[in-house]
Amino acid sequence: MALALQTFSTVKDANAALKAAGTRYLGGGTLVVRAANEGDVSVSSLIRSTEPALSAITVSGGKVRIGASVTMAAIARHPDLASLAHAARAVGGPAIRNMATVGGNLFAPAPYGDFTVALLALDATVNIDDGELPIETFLAKRESNHAIITAVGFTFPADGFRFLKVSRIKPKGVSVLSIAAVLEQAPDGTVSSARIALGCMADRPMRATAAEKALLGRTLTSDGIAPTLAAAGDGTSPVTDPIASAWYRNEVLPVHLGRLLLG
Amino acid sequence: MAKVPVQFTLNGAEKAEFIDSGTTLLNALRDKIGDTSPKGGCHQGTCGACSVIIDGELRLSCLTLAETCNGAAITTTSGLSEGGVLHPLQRAFLDAFATQCGFCTSGMIMAAKVLLDHTPNPSRDEVVEALSGNICRCTGYEPIIQAVLTAARSNSQNAA
């Protein structure tokens, strides 16, 4: 394996080094080193930065900022992120969670990237050194991203964040699919706003916009969510892999979305 | 390619080596330092056979670059026995027939050790969760789970 690792103390210097051909940013290694071990020769040089801000979690006034190098394990055990813990624990086994980072998860292709599904439902922003992007904009063109992700930020909903991962092996298995939702309900119980994100239903996490629209003004009952479930598969193009076929994923999506909404 | 220096503590002993940049910790341990207790299974982060403990956390040595471990304290299964006396986990694995072909055993023991270090009296579910990143194709897992529970009991008896 002809790889060279370059370590920089600042993101700025690492970004400059990342402009060279054949370079890739190294986070926890669960994607990039895996690719190298598998024989991916497109990468000859790995770049990383040890800037402390990349490993920091700050929570203040409902605003959350998670540095890109923060691991899934660090999120899962953070006292202020308890309602996100099950989404972080959905990733890998214990060793993977000690390594896999938030920044890396943003790039994980289906069937991986469960935590990014949660971030998409939370309407997160993706921060780079000199600005930030809405997560949907970032995901749409993530292959062409050449700037180091420094953090993700979002406003924590008071409640109403739901997450579900379906896998065939318990407790740890690769996703058949994952669903995250952030719902707000009016005092009469009807849904006043909904963001629903799906994992494994395309090559990257996607919004279920038709299902979201169908949920507005409805109550979270079997009858109330029926139109939402009927619209759940609109716009999906699931992956077919050894875990499940695209057909199967489309068939079971409404079942699991129903469980998430009624649960 | 120029060699780079790495220096870390392995099972309590200082180690320093010159390695090729980009070498995984698994390859550095096995091929340069001679500790073959971490096994190279899938090299994809899926099987857990290469699990080691780095600064108290379970990690996969096949996906960790050795250079990122400078200054770290690394524990592998080969460092568990003391003076020829097996660690309670190793003893329990032998007694419970929790090892058949043995390829996953070292990684399983590392995952179990991290669990028992933090949770001395784990429930069965906690053991299953702790071992969930480690694959065994021989035992069906039940003897392994029982071995970890037995080791936990013998630890707590020794402590009492």
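Brief remarks follow.
- Residue check, A:Ile149 more than 26 Å from A:Ala194 (Cα to Cα), in contact with a strand residue (DSSP E or B) (Cβ under 7 Å, 6 or more places away or on another chain) and assigned by TED's automatic domain parsing to the domain that holds A:Pro111: yes
- Residue in segment B:129-141 that is under 20 Å from B:Thr36 (Cα atoms) and without any contact (Cβ under 8 Å) to a residue 24 or more places away in the chain present: no
- Any hit, segment B:99-113, residues being part of a loop (DSSP other than H, G, I, E, B), in contact with a helix residue (DSSP H, G or I) (Cβ under 6 Å, 6 or more places away or on another chain) and either under 18 Å from A:Gly93 (Cβ atoms) or β-branched (Val, Ile, Thr) (or both): yes
- In segment B:15-51, residue nearest to A:Gly28 (Cα to Cα) [restricted to those that are in a strand (DSSP E or B) and more than 9 Å from every other protein chain (Cβ to nearest Cβ)]: B:Ile19
- Residue count for segment B:114-142, restricted to those that are under 18 Å from the mean Cα position of the chain (by Cα) and part of a helix (DSSP H, G or I): 10.
- The condition (being of a type in the set (S, T, N, Q), closer than 20 Å to A:Ala210 by Cα and not assigned by TED's automatic domain parsing to the domain that holds A:Leu215) is satisfied by just one residue among A:Thr190, A:Thr101, A:Thr137: A:Thr137.
- Residues that are of a type in the set (Asp, Glu) and either touching a His at 6+ places or on another chain (Cβ under 7 Å) or at negative phi (or both) were ranked within segment B:44-90; the one that is surrounded by the most Cβ atoms within 10 Å (Cβ to Cβ) is B:Glu67.
- Restricting attention to segment A:26-50, the residues that are more than 13 Å from chain B (Cβ to nearest Cβ) and touching a residue at least 60 places away in the same chain (Cβ under 8 Å) total 0.
- Some residue of segment A:204-227 being modelled with pLDDT of 95 or more and of a type in the set (Asp, Glu): yes
- Of the residues examined, B:Ser78 is not one that is touching a residue at least 24 places away in the same chain (Cβ under 8 Å), under 15 Å from the mean Cα position of the chain (by Cα) and within 13 Å of another protein chain (Cβ to nearest Cβ).
- Considering A:Ile128, A:Ile179, the condition of being among the β-branched types (Val, Ile, Thr) and touching a Ser or Thr at 6+ places or on another chain (Cβ under 9 Å) is satisfied by A:Ile128 alone.
Matching residues to (1) at pLDDT below 95; (2) within 12 Å of chain B (Cβ to nearest Cβ); (3) under 14 Å from A:Gly28 (Cα atoms):
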{"site": "A:Arg65", "(1), (2), (3)": "no, no, no"}
{"site": "A:Ala82", "(1), (2), (3)": "yes, no, no"}
{"site": "A:Ala87", "(1), (2), (3)": "no, no, no"}
{"site": "A:Leu106", "(1), (2), (3)": "no, no, yes"}
{"site": "A:Ala118", "(1), (2), (3)": "no, no, no"}
{"site": "A:Ala140", "(1), (2), (3)": "no, no, no"}
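- Residue within segment A:238-247 that is touching a strand residue (DSSP E or B) at 6+ places or on another chain (Cβ under 7 Å) and not small (Gly, Ala, Ser) present: yes
- One residue from A:Ala36, A:Ala16 being outside any loop (DSSP other than H, G, I, E, B), out of contact with any helix residue (DSSP H, G or I) (no Cβ under 9 Å at 6 or more places or on another chain) and crowded, with 22+ Cβ neighbours inside 10 Å: A:Ala36
- Subset of segment B:85-98 (residues that are assigned to a loop (DSSP other than H, G, I, E, B) and among the aliphatic types (A, V, I, L, M)): B:Leu86, B:Ala96, B:Ala98
- Against the list (1) without any contact (Cβ under 8 Å) to a residue 40 or more places away in the chain; (2) touching a Pro at 6+ places or on another chain (Cβ under 8 Å); (3) over 28 Å from B:Gln7 (Cβ atoms), the condition B:Ser61 fails is (3).
The values are calculated or read from the model by the stated rules, or taken from the named source; none is laboratory data. Since the model is a prediction, treat every value here as computed from it, not as a measurement. Here the Cβ is made from the backbone with ideal geometry for all residues, glycine too, and neighbour counts use every protein chain on show.
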